[in-house]
Ligand SMILES: Cc1cc2nc3c(=O)[nH]c(=O)nc-3n(C[C@H](O)[C@H](O)[C@H](O)COP(=O)(O)OP(=O)(O)OC[C@H]3O[C@@H](n4cnc5c(N)ncnc54)[C@H](O)[C@@H]3O)c2cc1C
């Protein structure tokens, strides 16, 4: 997911792996503080792409309207598991040998991606990403990761046609994305309002302002960037 932004940022000066804990407005611009007590700045503008609950903490002391907008974007959690295999998955009747992804209609599992069939990954060996249903993720939010991985792999195996030998993984694991997916459409917002801006130099963009996919994040940032570039 980050390949596009890594490519776009290749000639930019970046500070990464740094959580911003606080924003401060000073006469020379915005300053960003990190957990080591370092201050970064000054900046004319600050664009925040963090999920809304994390953006809220940063904008709340500075802009009531942006803070309220953040409160209105619900971010739902999602459990994601993976399984790696020593050999190929069993062949499935009436299914292309090179199948790449599957959706599962019922149970805890909603989506399966076959990672080694993505471009450029042929040599990584058979591996699956297993995305849980959001409602199930909410119910099992505090469950242990090993148990979640087992449940999602069991659900995958149960979705295979009867008689298919159960694939035995070499390694499994799970990760909980606490702010995985925005509930944008529940808000009924029109998608042409896919970023927020204040007059004091703060702005918010990202998937939460538009929809749950990476192209939504892209379009939100693109629309905000176009407006900012035109308002120098
Ligand atoms: C498990 C999973 C699978 C997905 N699969 C797909 C898929 O197959 N296809 C698809 O189109 N979309 C998929 N998505 C959705 C896609 O990943 C998102 O839509 C996209 O990453 C959103 O980009 P963004 O830049 O808005 O936010 P993010 O990618 O969430 O980036 C926000 C960044 O802000 C950082 N951050 C947060 N707080 C702070 C802070 N205080 N200081 C500094 N940095 C901070 C975070 O660490 C993060 O790096 C998936 C999402 C998940 C969780």
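The values are calculated or read from the model by the stated rules, or taken from the named source; none is laboratory data. As the structure is a prediction and not an experimental result, all values here were calculated from the model. Here Cβ is always computed from backbone atoms with ideal geometry, including for glycine, and neighbour counts include all displayed protein chains.
Descriptive notes on the structure:
- Selection over the range 33-55 of residues that are closer than 23 Å to residue 209 by Cα and either in a strand (DSSP E or B) or within 17 Å of the chain's Cα centre (by Cα) (or both) gives a count of 10.
- If the condition is being more than 15 Å from residue 157 (Cβ to Cβ), assigned to a loop (DSSP other than H, G, I, E, B) and either away from the ligand (no atom under 15 Å from the Cβ) or not assigned by TED's automatic domain parsing to the domain that holds residue 174 (or both), then the range 121-139 contributes only 125.
- Residue in the range 152-162 that is under 29 Å from residue 54 (Cβ atoms), surrounded by 14 or more Cβ atoms within 10 Å (Cβ to Cβ) and modelled with pLDDT of 95 or more present: yes
- Look at the range 215-226: where a residue is within 9 Å of residue 195 (Cβ to Cβ) and outside the structural domain of residue 203 (by TED's automatic domain parsing), no partner that is near the ligand (Cβ under 8 Å from one of its atoms) and part of a helix (DSSP H, G or I) sits 6+ places away or on another chain with Cβ atoms under 6 Å.
- Filtered residue count, the range 1-32, keeping only those that are within 12 Å of the ligand (Cβ to nearest atom), in contact with a strand residue (DSSP E or B) (Cβ under 6 Å, 6 or more places away or on another chain) and either part of a loop (DSSP other than H, G, I, E, B) or more than 17 Å from residue 203 (Cβ to Cβ) (or both): 3
- Test: residue 52 is in the same structural domain as residue 207 (by TED's automatic domain parsing), over 16 Å from residue 196 (Cβ atoms) and either without any contact (Cβ under 8 Å) to a residue 12 or more places away in the chain or within 14 Å of the ligand (Cβ to nearest atom) (or both): no
- The sole residue among 219, 228, 202, 152 that is over 17 Å from the mean Cα position of the chain (by Cα) and within 20 Å of residue 5 (Cβ to Cβ) is 228.
- Test for residue 178: is it at pLDDT below 95, within 25 Å of residue 80 (Cβ to Cβ) and surrounded by fewer than 16 Cβ atoms within 10 Å (Cβ to Cβ): no
- Checking 46, 59, 95, 20 one by one, the residue that is over 18 Å from residue 198 (Cα atoms) and touching a helix residue (DSSP H, G or I) at 6+ places or on another chain (Cβ under 9 Å) is 20 and no other.
- Here the range 94-120 is the region considered, the condition is being within 21 Å of the chain's Cα centre (by Cα) and assigned to a loop (DSSP other than H, G, I, E, B), and the residue that is surrounded by the fewest Cβ atoms within 10 Å (Cβ to Cβ) is 119.
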